[in-house]
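Quick note: the coordinates plus some simple rules give every number you see, no bench work behind them. In this text, all values refer to a predicted model and were calculated from it rather than measured experimentally. Cβ: placed from backbone, ideal geometry, glycine included. Neighbour counts: every protein chain shown.
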Amino acid sequence: MIFLASDLFFNRILSIIIRTVILKRFFLQLFFLIFTGISFSQNIEIPQIALANIEFEIKITDYTDTDSFVPIKIFSSDNKSFSQFNLIGNGNTFSGKVKLSESGKYFVELNGKRFETVINVIPGFISIIPPLIAIFVALIFRQVLFSLLLGIFAGTFFLYDYNPLIAFMRLVDVYVINSLIDKSHIQIIVFTLMFGGVIGLMSKSGGTTGIANLLIPLARSRKSGLLATWLSGIIIFFDDYANTLVVGNLMRPLTDKLKISREKLAFIVDSTSAPVASIFLISSWIGYEVGLIQDGFKVIGANVNAYNVFLDTIIFRFYPIAMLIFIPITILMKRDFGPMLKAERYSIANGINAKHSGSKSNDILKSTELFGNEEKAKWFNGVIPILVIVFGTIAGLIFTGIKSLEAMGIKDYSIRNIISYSDSYASLLWSSAAACVVAGVMIGFQKIMNLSEIMDAWFLGIRSMFLAVVMLTLAWAIGTITQDMKTADYIISVISDSIAPHWLPVLVFIVCAATSFSTGTSWGTMAIMMPLVIPLAFHISSLNNLSEADSYLIMVGAISSVLAGCVFGDHCSPISDTTILSSMASGCDHVAHVNTQLPYAVFVGVLCMLLGDIPTAFGFPPILSILLIILCLIIGLRIIGKKTEP
């Protein structure tokens with residue numbers, strides 16, 4: 001009995017000891033969890049990619065430390081080296097700039113706690129390889145889509161540990177998909193497709209031809225015939241391809257009769273296609289341009305109205321504006337120079353040169369499936385849908401702008417305020433969809449086409465915009481690649497000390513013009529350059545401590561230089577699609593068209609750089625620059641030009 005009692009007593013003591021140990025361990029673990037939860041409930045922002053010898057920011061939020069700074073340690077992945085940095089406090093937020101000199105993988109440690117996020121530090125020059133690949137492959141193979149895809153793949157290859165298989169998968173399931181799931185991107189794509197549908201309905205029903213037919217009765221002499229051709233190009237502003245195909249084919253028989261050279265016709269057709277479509281408020285270009293601008297500002301974290309910025313750039317796009325004015329100057333002064341003078345004099349004396357009849361140029365208007373029903377051509381079938389888009393967009397901008405301002409409690413506002421706070425994407429979507437409905441109903445009521453033909457025409461128009469949608473998607477993707485790889489940061493670190501911000505617009509114009517000329521595509525060049533130029537302009541202005549007004553001036557100048565420079569290079573390029581289409585639609589020998597147009601384009605382009613891009617970057621009013629350019633065009637043509645007619 002005694003042994004049994006002592007055994008029970010011993011077991012109870014042992015049980016109490018075990019329970020005490022378990023409870024102690026539990027409370028220790030609970031204390032540790034509570035302590036670590038309090039200490040590390042903060043959020044830390046660490047970039048996954050950084051460039052060697054270029055500063056990047058680390059930020060900690062919701063941190064309860066009362067000190068003015070917090071020390072952090074950054075260890076290399078092999079733990080052989082570490083650096084210590086201090087993050088400066090501002091309330092419960094601590095942030096600081098960090099620079100690592102060696103490439104490799106690094107971890108951040110705070111108060112002995114190592115975070116899981118890995119910082120992959122790569123050499124700075126690697127960050128410019130993807131856009132350089134895109135540019136040079138486009139120059140070599142003349143295939144912009146392929147070059148963009150290869151540039152994106154190069155970026156994912158560097159970002160995902162040089163694994164080609166993972167890089168290929170991330171290209172598709174991350175960068176392309178993320179470009180498509182963004183709401184503003186989808187809105188731009190849908191607008192672009194809807195606008196294509198409107199163009200398809202207008203063109204197939206004869207509405208586009210009907211617009212141009214209005215001006216034919218005005219052409220009774222060489223001068224009036226040339227002016228009618230120029231006005232036709234201005235009126236058909238909504239699409240550069242439709243402009244080229246319709247104006248060239250429609251006016252050619254008339255200009256032949258008036259002994260206007262095919263070279264001059266092709267020049268006017270080419271000069272009123274992209275230059276017109278790129279600067280008008282409503283065109284097939286607007287969605288693309290606004291989309292690139294919007295994405296560029298996302299790179300620098302700026303929440304701006306891209307359509308408002310687009311409107312601000314128009315007055316700074318000196319080349320397309322000057323070229324549209326240069327055409328009537330040559331017509332009214334009856335002067336030409338260079339190869340164009342020789343072509344015009346030959347045509348006046350001998351009629352159309354026989355070399356044009358032997359070229360491969362064909363009557364595309366009659367062969368393309370996008371056009372038809374010329375015998376039923378009515379001008380209002382083209383004008384009314386465009387007016388629906390124009391006034392519908394304006395109404396949408398006013399409606400959404402006022403609604404946004406009132407939601408913010410603002411009762412006193414100007415037109416500028418309304419546009420700034422409007423929803424341009426929604427406005428464009430509503431107006432383009434309404435124009436599709438209006439065009440379809442008008443065509444159906446006039447019995448120009450039946451329902452099946454109307455739907456086919458609408459779909460053909462949408463299909464004509466598919467290349468633009470694909471190119472835009474890849475442009476967004478490579479823009480994200482350059483953002484993730486800090487390409488702009490590297491470029492800024494290399495050239496920020498050597499380039500004054502006021503010279504940036506003209507340099508951007510030259511680079512974009514050269515790239516567009518070499519590749520033959522303005523849209524592809526915009527896709528490559530815009531994601532680089534906007535961050536570059538922003539950071540160079542910041543480094544030079546420019547005021548907000550001056551910084552915005554440089555930004556608008558740089559953006560307009562991208563858009564105008566690409567048009568200039570495309571206009572000069574012999575491999576540009578619009579240059580080739582202009583030759584074909586005008587029945588002009590392609591080499592003759594390029595040789596006669598190039599001196600005019602260079603003449604206008606140089607004046608625009610000297611009198612437009614450079615002085616306006618220093619604050620000179622753009623409207624005065626345009627007037628000065630016009631004056632110099634007149635004086636220059638007077639000096640170097642000669643009378644075409646005896």
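What the table shows:
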quantity: For the range 247-308, size of Cβ-based charge dipole, Lys and Arg +1, Asp and Glu -1, in debye; calculated: 320
quantity: Of 183/204; 99/183; 99/486, pairs whose Cα-Cα distance is over 25 Å; calculated: 183/204; 99/183
quantity: By average C-beta atoms within 10 angstrom, highest first, the peptides 47-54, 198-205, 403-410; calculated: 198-205, 47-54, 403-410
quantity: Order by protection proxy (mean Cβ within 10 Å, highest first), peptides 312-322, 498-508; calculated: 312-322, 498-508
quantity: Computed magnitude of the charge dipole of the range 416-495 (debye, nearest 20; Cβ of K, R +1, Cβ of D, E -1); calculated: 160
quantity: Global geometry of the range 594-646, whether rounded, prolate or oblate, following the gyration tensor of its Cα atoms and the 1.5 cut on a/c; calculated: oblate
quantity: Global geometry of the range 474-620, whether rounded, prolate or oblate, following the gyration tensor of its Cα atoms and the 1.5 cut on a/c; calculated: oblate
quantity: Dipole of the range 253-297 [Lys/Arg +1, Asp/Glu -1 at C-beta], most positive-end residue of 272, 287, 261; calculated: 261
